[in-house]
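Structure, as structure tokens:
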Amino acid sequence: MTVRVRYAPSPTGLQHIGGIRTALFNYFFARAQKGKFILRIEDTDQERSSEEALEDLYATLEWLGVEWDEGPIVGGPHGPYVQSERFELYQEYAEKLVSEGKAYRCYCTSERLEKLRAEQIANKSEQQGYDRHCRDLTQEERAALEQAGIPSVIRLKVPLEGKTTFNDLLMGPITRRNCDISPDPVLLKSDRFPTYHLANVIDDHMMEVTHIMRAQEWIPSGPLHILLYEAFGWETPTYCHLPMVMGSDGQKLSKRHGSTAVKDFRREGYLPEALLNYVSMVGWSYDSEREFFTKDELCELFSLEKINKSPGIFDYKKLLWYNGHYIREKSDAELAKLLIPYLEASSFIKSPPSQEEIKRVNEIVPLVKERLKVLSDVTELTRFLFEEIAPPQVEELLPKKQDAPTTLKALKGAYGYLKELEVEGVEAVEAKLMELANTLEVKVNGVFMPIRVAVTGSHVSPPLFDSIRLLGYEKAFSRIERAINILENEVHNE
RNA sequence: GUCUCCAUCGUCUAGUGGUUAGGACAUCGGGUUUUCAUCCCGGCAACGGGGGUUCAAUUCCCCCUGGAGAUGCCA
């Protein structure tokens, strides 16, 4: 039997870390087993589903390089793969359960249910949830309510006694007494759309899904779904509940922990390789040695046995580390292409950039490559090359434990040598600056730092000679002259 | 409240009935370097508690504790 798995998101928000982790595990499992990966859109919540969310889903999967074998856009033998387009099917199956006495119509208003719930919470009642008010209405009562045109929902008649068990691939057997299962959950809402429980079971069966891999938050409704399969007389699929992804405080990962939308990570300049690799390591590991995996490698090596049981905390710092690694792995040409949009957004270069600008970006790449954690870091790292910098403060120009007169001497002396840079070459000038430091009896840094601050406006920058070259000698020299003036003023005023 | 699940360094994890409990991130220290970063070397750091089973438990069982999730006409 070939493996068939699915990712079935509801398009009610941007794709987030937890969602794509589930998508990825399903996808890797399908590929590793030479099975099929199905995408299904669960848009049964008419209120919250949005076109924007759907577009975000497609964009995210494409960015990650996750392609589906069956689903919207590509089609397949069990379509449609969008639940709102399968509307009639759910009516049919829900009615079937009603006519067989396995489900019933409930006429309770949401006001009544809300009041009921509020009371249960206030009384700390042992019985939480629906009170099965409509479960045993007589024929006459039902007829009267129908006559009066009272809207209804369809609820599952959960057995009052006995217990239900399903076998989870990871957890082992999970059992719940039927009286503990959600009391008669709604299957068909008053707008006639199915709830998750109904649609999910029908579709997984119709689409011949063999393994249901979803987050552990679904464990409690596992037995309920089994009841549904049994009510329909269908064979149950294999379940595998994936460990959840948590925030740093151990709670379910959410916006308050930081970015969770894939879109946000993408905008900040995370690479799909890095996000995919890191996310896959939360809840799964290959062995104790290996931490880097490409998508193709995971498609080959992924296995259910190595999934962890316990929830994992999403570590933003480790993701950053992965991202830096993958940035450094890029060729200069590839990285330049990735960086250009960020430089455009900062108005450092035109959009689209000129040939000259592209050439310059290519020269900049090797200087910033090993300094980038995310692509957007390029802005602050290279700002001094594209924009005028504020005149440095005296304190900024002074290296640690070095006074203004000495620093002025160093900078002036250095400037004399730097002037010859184009003719003499980097090595010769470098040697002379070292010698200068020696003569002035200061550390090498005592000569280099003032130049760096003068040229880049910061103590932190790409390598100095490269920075000067890329900035252009004229501009660099005028910035040094300005710094010399600042120091001279300082020295004379004392 | 009730139900279900989980439990190795701060974090992600490897692992075994007998190990100096291994790796990675983070952190700290050192080296390379004109700064930062990269890179290299090293340090700190874990089997939640209590009972069993056993010659021996981090490992198997039970209880407790702690954490999480579910308890919707959301998924």
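The figures follow:
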read-out: Unit charges at the beta carbon, dipole of chain A: most positive-side option, A:Leu188, A:Gly65, A:Ser376; value: A:Leu188
read-out: Kirkwood Rh, Cα atoms: Rg over Rh of segment A:150-261; value: 1.02
read-out: Total charge dipole magnitude, chain A, about the Cα centre, Cβ charges on Lys, Arg, Asp, Glu only, Debye to nearest 20; value: 840
read-out: Spatial extent of chain A: Rg and Dmax, with the Cα atoms as the point set, Å; value: 32.3, 108
read-out: Paired Rg and Dmax values of segment A:84-242, which use every Cα atom, in angstrom; value: 16.4, 50
read-out: As computed over segment A:264-312, the Cα convex hull volume per residue (Å³); value: 89
read-out: Segment A:Glu52-A:Ala428, length gained on full extension (0.36 nm per residue, minus Cα span); value: 129.4 nm
read-out: Relative compactness, segment A:54-133, computed as alpha-carbon Rg over 2.2 N^0.38 Å; value: 1.76
read-out: Label-point gap, in nm, between A:Glu291 and A:Ser331 - each point 7 angstrom along Cα→Cβ; value: 2.8
read-out: Dmax and Rg, reported as Rg then Dmax, of segment A:331-386 (C-alpha, Å); value: 9.9, 27
read-out: For segment A:272-311 and segment A:470-488, distance of Cα centres in Å; value: 51
read-out: Helix A:316-329 vs. chain A, principal-axis angle (Cα, 0 to 90°, nearest 10); value: 60
read-out: Which of A:Phe386, A:Ile121, A:His225, positive extreme of dipole for chain A (C-beta unit charges); value: A:Ile121
read-out: Peptides ranked, highest mean first, by Cβ atoms within 10 Å: ranges A:336-348, A:10-22, A:416-428; value: A:10-22, A:336-348, A:416-428
read-out: Bins of 10 Å from zero: percent of alpha-carbon pairs in segment A:365-484; value: 13, 46, 33, 8, 0
read-out: MRE, 222 nm, helices only [DSSP H, n ≥ 4, -39500 (n - 2.57), over chain A, to nearest 500]; value: -15000 deg cm²/dmol
read-out: Pair A:Asn167, A:Lys475: separation of 7 Å Cα→Cβ label points (nm); value: 6.9
read-out: Helix axis angle, A:110-122 relative to chain A longest principal axis, alpha carbon, degrees; value: 70
read-out: Folded to 0 to 90 degrees: helix A:444-456 orientation relative to chain A principal axis, Cα; value: 70
read-out: FRET efficiency, 1/(1 + (r/R0)^6) with R0 41 Å, evaluated for A:Thr439 and A:Arg267 via beta carbons; value: 0.20
read-out: Between segment A:82-110 and segment A:336-411, the Cα center-to-center distance that results, in Å; value: 63
read-out: Hull volume in cubic angstrom per residue (convex hull over the Cα atoms of segment A:292-385); value: 124
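No value in this document is a laboratory result; all are computed from the given coordinates. Everything quoted here is computed from the prediction, not taken from an experiment. When we count neighbours, we look across all protein chains shown, and the Cβ atoms used for this are built from the backbone with ideal geometry, even at glycine.
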